[in-house]
Amino acid sequence: MTHSDHDHHAHGGCCSTKGAVPTTKSVVRDPVCGMTVDPVAGKATTEHNGHPYHFCSQGCRAKFVAEPEKFLTATDPVCGMSVDRATARHFARHEGQGFYFCSAACQGKFEAEPQKYLGDRPAPQPMPKGTQYTCPMHPEIIRDKPGSCPICGMALEPMGVPTGDEGPNPELVDFTRRFWVSAALSVPLLIIAMAPMIGLTFEGLVEDRAKVWIELVLASPVVLWAAFPFFHRGWDSLVNRSPNMWTLISLGVGAAYLYSVVATLFPDIFPHQFRGHGGAVPVYFEAAAVIVALVFLGQVLELRAREKTGSAIRALLDLAPKTARLIAADGSEGDVPLDAVKAGDRLRIRPGDAVPVDGTVLEGRSSIDESMITGEPLPVEKVEGDALTGGTLNKNGALIMRAEKVGAETTLARIVDLVAKAQRSRAPIQGLADRVSFYFVPAVVLVAIVAFIAWAVFGPEPSLIFAIVSAVSVLIIA
């Protein structure tokens, strides 16, 4: 039995032609990024082992030329068959990564349950040695390893410009999962707790005492598991003596949950003034859970926005080719990595190639597409003595240029660096918010303490219970 036959039997014929789209029409696909390309209109092409390959951009072509074997085939995550990336008819993206399939049936199975087939995905490559990490909100915080910001509690991010496909942000993946769990449990919890306020009752279905226990069961995973990162950041803020919103969130959620647990387990210690119509003591489970869910929603939205900015930076980086055509002193030519190009080197720019670095035209005449830098849609004519910008695209003529600005000095590199710095910079209002929160959090805690003492000293009996409820109420409202 061949490998193909074995796969068909082992997977119930998922790769058979039954139900698949007819293969009468061929597909030409960029083997690097997976985009479909027009082989007639596209100029970014190359040959490998006698076979032509077409690309959406010079950036993808350069990646292929540097490591062709890496982009020839892909493994179908459903059945394990090897798929030709350049002619694959079935392709899908999940969490920013492309997957190739042997048939429409395999693609359908993957799209229905992607996590079922991603258990053995390789872990993201580690950051280069010597990478430093900084806080997105407090760029003055610099550390040699990942962690949390001692001021605001946010996860530290690698400094500098993102390189390559770093995979999905693990914090975003984790927070998204925690948000959906929190939201799924908070909705029924909110319905149970708030139903009487809108005229809905559960009389005859669930007793008041039973409702409290249901709320405890629903709220416990949200507070004890989902909100764990909040408590961790809140504790770090106390240790570092930098009170922030995580301090307030952890105090409010923790106090509401602990009070509600005590009210559920030991309702008899509360006076009759606290009891509802059914004799149950009011609890704050829904407040704790909803606060956690809403905070996670805000965190997920922020992390997604930051990830999109990172993707935009990587897209800018892809404008520059990975190799350059170097003309040696003896007149010989060869492709070299872009990092090996030095100021003063002579480079050949062939039709369809991207300009590797900033420099000046020495020989030749051509039109250059500078739209990716200037936004100008019409090509610009370039002749001897004219300046060239790295990342722009040579349309039709051949040029010889002298490299003048390389590496971090090129226009494209400086644009990328400015975007990366803007991502990590803060608006002036954020500094004001930091100063306000530094005093606001201790002020709220002080008010809660004053409320506790006032009710404990001057409140009616049992004064201690009234004092605890008052202090917890202040923390939740804040």
I want to confirm something. Restricting to region 61-85 and keeping residues that are out of contact with any helix residue (DSSP H, G or I) (no Cβ under 9 Å at 6 or more places or on another chain) and closer than 28 Å to residue 371 by Cβ, which single residue is surrounded by the most Cβ atoms within 10 Å (Cβ to Cβ)?
61
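Inspect region 284-302 for any residue being over 32 Å from the mean Cα position of the chain (by Cα) and surrounded by 15 or more Cβ atoms within 10 Å (Cβ to Cβ) and give the result as yes or no.
yes
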Any residue in region 70-84 that is outside the structural domain of residue 49 (by TED's automatic domain parsing) and within 13 Å of residue 110 (Cβ to Cβ) sitting within a Cβ distance under 7 Å of a residue that is assigned to a strand (DSSP E or B) and not acidic (Asp, Glu)? List the pairs, counting only those 6 or more apart or interchain.
none
If I ask for residues that are under 36 Å from the mean Cα position of the chain (by Cα), closer than 12 Å to residue 349 by Cα and assigned to a loop (DSSP other than H, G, I, E, B), which ones from region 393-409 would you list?
395
Quick check: is even one residue across region 48-57 outside the structural domain of residue 311 (by TED's automatic domain parsing), modelled with pLDDT under 80 and within 30 Å of residue 170 (Cβ to Cβ)?
yes
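Residue-by-condition table, conditions (1) in a loop (DSSP other than H, G, I, E, B); (2) free of Cβ contacts under 8 Å to residues at least 60 places away in the same chain:
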site: 268; (1), (2): no, yes
site: 273; (1), (2): no, yes
site: 292; (1), (2): no, no
site: 305; (1), (2): no, yes
site: 330; (1), (2): yes, yes
site: 343; (1), (2): yes, no
site: 347; (1), (2): no, yes
site: 351; (1), (2): yes, no
Can you pull out every residue in region 222-240 that is part of a helix (DSSP H, G or I) and within 20 Å of residue 261 (Cβ to Cβ)?
222, 223, 224, 225, 226, 228, 230, 231, 234, 235
Starting from region 383-411, take each residue that is among the acidic types (Asp, Glu) and list its partners that are buried (at least 19 other Cβ atoms within 10 Å of the Cβ), counting only C-beta distances under 6 angstrom and pairs at least six apart or across chains.
384/361; 386/361; 404/358; 404/359
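Which of the residues that make up region 296-316 are polar (S, T, N, Q) and touching a helix residue (DSSP H, G or I) at 6+ places or on another chain (Cβ under 8 Å)? Write out each step before concluding.
Quick first cut of region 296-316, residues polar (S, T, N, Q) only: 299, 309, 311.
299, 309 - these are the residues of region 296-316 that are polar (S, T, N, Q) and touching a helix residue (DSSP H, G or I) at 6+ places or on another chain (Cβ under 8 Å).
So which residues in region 410-466 are outside any helix (DSSP H, G or I), closer than 30 Å to residue 372 by Cα and modelled with pLDDT under 85? Talk me through it step by step, then tell me what you get.
First, pick out the residues of region 410-466 that are outside any helix (DSSP H, G or I): 410, 425-427, 459-462.
Then drop every residue that is not closer than 30 Å to residue 372 by Cα, which leaves 410, 425-427.
Passing the criteria: 425, 426, 427.
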Given 219, 263, which one is buried (at least 16 other Cβ atoms within 10 Å of the Cβ), at pLDDT below 90, among the hydrophobic types (A, V, I, L, M, F, W, C) and assigned to a helix (DSSP H, G or I)?
263
Region 355-381 residues that are closer than 14 Å to residue 391 by Cα and part of a helix (DSSP H, G or I), paired with ones that are of a type in the set (Ser, Thr, Tyr) and at pLDDT 85 or above (beta carbon under 9 Å, 6 or more apart)
371/392; 372/392; 373/389; 373/392; 373/411; 374/389; 374/392
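The values are calculated or read from the model by the stated rules, or taken from the named source; none is laboratory data. Everything quoted here is computed from the prediction, not taken from an experiment. Backbone-built Cβ (ideal geometry, glycine too); neighbour counts: all protein chains shown.
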